[in-house]
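Everything on this sheet refers to the single structure shown next.
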Amino acid sequence: AAAVATAAAERLGTLPAVDGFRNVPGLGVQGVVDGHAVVAGREALLTEHAQPLPAPLAEAKRAAEAAGRTTVAVGWDGAARAVLEVADAVRPTSARAVAELRALGLRPVLLTGD
C-alpha cells in the first residue's frame with residue numbers, strides 16, 4: 001500500500017483524502033475518494049463487489065504475475081478499471097550480500113508476505 005501511495009504521489013502530487021477507509025484483511029482496502037467508491041487489492045475483493053476483471057485487465061494481471069510481479073486490482077464506481085504492478089528492485093549489493101552470507105556457512109532464503 002505504501003509503495004502504491006508513494007508512486008501515485010510522485011506522479012500526481014498531493015493525493016485526495018479517503019473517507020470511510022476500511023482494511024479488508026487478506027484482500028485489500030476500500031473507501032470513498034472524491035465521491036467515488038474505490039476498492040483496491042486482490043482480484044477476489046473486486047469480485048466480492050461485483051467488479052470482475054474484464055478480459056484485457058485479466059490478461060494484464062496474468063502477464064504481470066508470470067513476470068514475477070505482484071498485482072493490485074483497482075475498481076471504482078462499480079467497475080474494475082486497473083491492474084497495478086508492484087515489483088521489488090534488486091539492489092546492486094544483493095549478490096555480494098548473499099555471497100557473504102554463504103561464506104559464513106548460512107543458507108539465505110527469500111520469504112515474502114505476498
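General remarks:
- Among the criteria (1) surrounded by fewer than 11 Cβ atoms within 10 Å (Cβ to Cβ); (2) closer than 22 Å to residue 6 by Cα, the one residue 76 does not fulfil is (1).
- Scanning the range 3-13 turns up no residue that is hydroxyl-bearing (Ser, Thr, Tyr) and more than 18 Å from the chain's Cα centre (by Cα).
- Filtering the range 1-16 to residues that are surrounded by 10 or more Cβ atoms within 10 Å (Cβ to Cβ), closer than 25 Å to residue 47 by Cα and free of Cβ contacts under 8 Å to residues at least 60 places away in the same chain leaves 1, 5, 8.
- Scanning the range 76-101 for residues that are closer than 30 Å to residue 30 by Cβ and assigned to a loop (DSSP other than H, G, I, E, B) yields 77, 78, 87, 88, 89.
- Test: residue in the range 102-113 that is part of a helix (DSSP H, G or I) and either touching a Lys or Arg at 6+ places or on another chain (Cβ under 9 Å) or farther than 14 Å from residue 1 by Cβ (or both): yes
- Unique residue being basic (Lys, Arg) and assigned to a strand (DSSP E or B) when the list is 11, 22: 22
- Only one of 6, 14 that is among the hydroxyl-bearing types (Ser, Thr, Tyr) and farther than 18 Å from residue 84 by Cβ: 14
- Residue list for the range 41-75, restricted to those being at pLDDT below 95, part of a loop (DSSP other than H, G, I, E, B) and among the charged types (D, E, K, R): 69
- Selection of the range 79-95 for residues being farther than 16 Å from residue 1 by Cα, modelled with pLDDT under 95 and charged (D, E, K, R) yields only 91.
The values are calculated or read from the model by the stated rules, or taken from the named source; none is laboratory data. Computed from a predicted model, the values in this text were never measured in an experiment. For neighbour counting, all protein chains shown are included, and Cβ atoms are generated from backbone atoms with ideal geometry for every residue, glycine included.
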